[in-house]
Amino acid sequence: MHTCITEQPAITLTGVHVRTTNAEEAGPNRRLPQLWETYFQSQITSLIPTIHSHLIYALYTDYESDASGEYTTLIGHQVADNISRDEDKFHQVQVPASKYLVFTTEKGPVYEVVAQAWANIWAYFKDSEEVRAYTGDYELYDARHSDDSQVQIFIAIK
């Protein structure tokens, strides 16, 4: 897996969201698979103007503490800061400008490469000099390449 450090400006994302924990996602009551299903059923790109509609963000934000606490996951798209939105259907989040350590997965089936990448990320931060900021981390998917996926995972660092 390839890594690099980058600075990214603040962005606004709109999409569907859920509150969960890593412990919950490791057990039988996983919420993220249902969130992805809700995202695909929402047809968000036909309902609101998005920036680069082929790019799908899976944002992890509003951390209670660290990787062991609750967090919010939003799956959606980048939008202009001032768009009007359907308040009942979609949630909007401002991701702050940050320094990120970017992990690029191998190419392969998305569910395999992303799961392996997160295992590598958790192991990396156990022994790393880099410290996670827990301000907003995200996976970036390119919907044009869904059969042979390569995902970038942006981890905010201090």
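The values are calculated or read from the model by the stated rules, or taken from the named source; none is laboratory data. Note that the structure is predicted; figures quoted are calculated from it, not measured. Quick reminder, even Gly has a Cβ in these numbers, built from the backbone with ideal geometry, and neighbours come from all protein chains shown.
Here are the numbers:
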quantity: Region 94-108: number of residues that are surrounded by fewer than 20 Cβ atoms within 10 Å (Cβ to Cβ) and either touching a residue at least 60 places away in the same chain (Cβ under 8 Å) or within 14 Å of residue 128 (Cβ to Cβ) (or both); calculated: 8
quantity: Failed criterion for residue 21 (all others in (1) more than 21 Å from residue 123 (Cβ to Cβ); (2) surrounded by 14 or more Cβ atoms within 10 Å (Cβ to Cβ); (3) at pLDDT 95 or above hold); calculated: (1)
quantity: Among (1) out of contact with any helix residue (DSSP H, G or I) (no Cβ under 9 Å at 6 or more places or on another chain); (2) of a type outside the set (Asp, Glu); (3) not in a helix (DSSP H, G or I) - the single one residue 17 does not satisfy; calculated: (1)
quantity: Selected residue (criterion: modelled with the lowest pLDDT) from residues of region 107-158 that are part of a loop (DSSP other than H, G, I, E, B) and under 17 Å from residue 2 (Cβ atoms); calculated: 148
quantity: Odd one out for residue 38 among (1) outside any strand (DSSP E or B); (2) at pLDDT below 95; calculated: (2)
